[in-house]
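The values are calculated or read from the model by the stated rules, or taken from the named source; none is laboratory data. Since the structure is predicted, the reported quantities are computational estimates derived from the model, not experimental observations. Cβ: placed from backbone, ideal geometry, glycine included. Neighbour counts: every protein chain shown. Note: areas computed on protein heavy atoms with side chains; ligands, DNA, RNA excluded. Shrake-Rupley method; radii C 1.70, N 1.55, O 1.52, S 1.80 Å.
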Amino acid sequence: MIDPEVERPLPWITDEFSREYFTAWTEQRLVVQHCPRCGGWQHFPRPICIECGTVPVFEEVPAIGTVYTFTIIRQMGMKPFRDEVPYAVVMVELDNGVKIMGNLTDCPIEDVRIGMAVEGYGVTHGDIGIPYWRPRSADTRHARTEEGGIA
Ligand SMILES: [Zn+2]
């Protein structure tokens, strides 16, 4: 697990779109932009749809996906990350095709695989939440089906 008390460099939020995305993670929600005209999904948040130029809307989607690709960080000189090596950074593909990068936790690095099922969770720092990913357990999948939301 990530210790929210450890000081970390945080995203520099310069626009309302990014703020909505990161704020949602403080509530354990994943919101992704969806275009009402062409139906496209996109991430990271932008003022217009990258396919057709329409103003997209945020929609909450399940914070679950699969590892599309990953890397293992074995060398890092900067605090606090240097105390956490080795660690995995994953690119997660959601069901809608959107890809989101983040750190993988709660998983030995030798067990990380492309295609593994993961779930996202937010760790709050001030007024924003940073997304992390962890392996999805059978229990969690069942809970999501029952509740239809993010545990
Ligand atoms: Zn569009």
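Some observations on this one:
- Tally, over region 55-64, of residues that are surrounded by fewer than 17 Cβ atoms within 10 Å (Cβ to Cβ) and within 12 Å of the ligand (Cβ to nearest atom): 2
- Candidate set from region 12-26 (those that are over 13 Å from the mean Cα position of the chain (by Cα) and touching a residue at least 40 places away in the same chain (Cβ under 8 Å)); member that is nearest to the ligand (Cβ to nearest atom): R19
- Contacts under 7 angstrom Cβ, first residue in region 75-94 being surrounded by fewer than 17 Cβ atoms within 10 Å (Cβ to Cβ), partner among the polar types (S, T, N, Q) and not in a strand (DSSP E or B), 6 or more apart: V85/Q75
- Residue within region 21-32 that is exposed (fewer than 14 other Cβ atoms within 10 Å of the Cβ), at pLDDT 95 or above and in contact with a helix residue (DSSP H, G or I) (Cβ under 8 Å, 6 or more places away or on another chain) present: no
- Every condition in (1) away from the ligand (no atom under 16 Å from the Cβ); (2) aliphatic (A, V, I, L, M); (3) farther than 18 Å from G129 by Cα holds for L104 except the one numbered (3).
- Meets criteria (surrounded by fewer than 17 Cβ atoms within 10 Å (Cβ to Cβ), of a type in the set (D, E) and closer than 17 Å to I2 by Cβ) for D106: yes
- Figure legend. Inter-residue proximity from region 38-52: first residues free of Cβ contacts under 8 Å to residues at least 40 places away in the same chain, second residues of a type in the set (A, V, I, L, M) and near the ligand (Cβ under 10 Å from one of its atoms), beta-carbon distance below 7 Å, spacing 6+ or different chains. Indicated pairs: I48/V55.
- Residue that is modelled with the lowest pLDDT, among those in region 36-54 that are more than 9 Å from the ligand (Cβ to nearest atom) and either out of contact with any Lys or Arg (no Cβ under 8 Å at 6 or more places or on another chain) or open to solvent by 60 Å² or more (accessible area, probe 1.4 Å) (or both): F44
- Region 121-137 - residue that is touching a residue at least 12 places away in the same chain (Cβ under 8 Å) and over 9 Å from W25 (Cα atoms) and, of those, surrounded by the most Cβ atoms within 10 Å (Cβ to Cβ): W133
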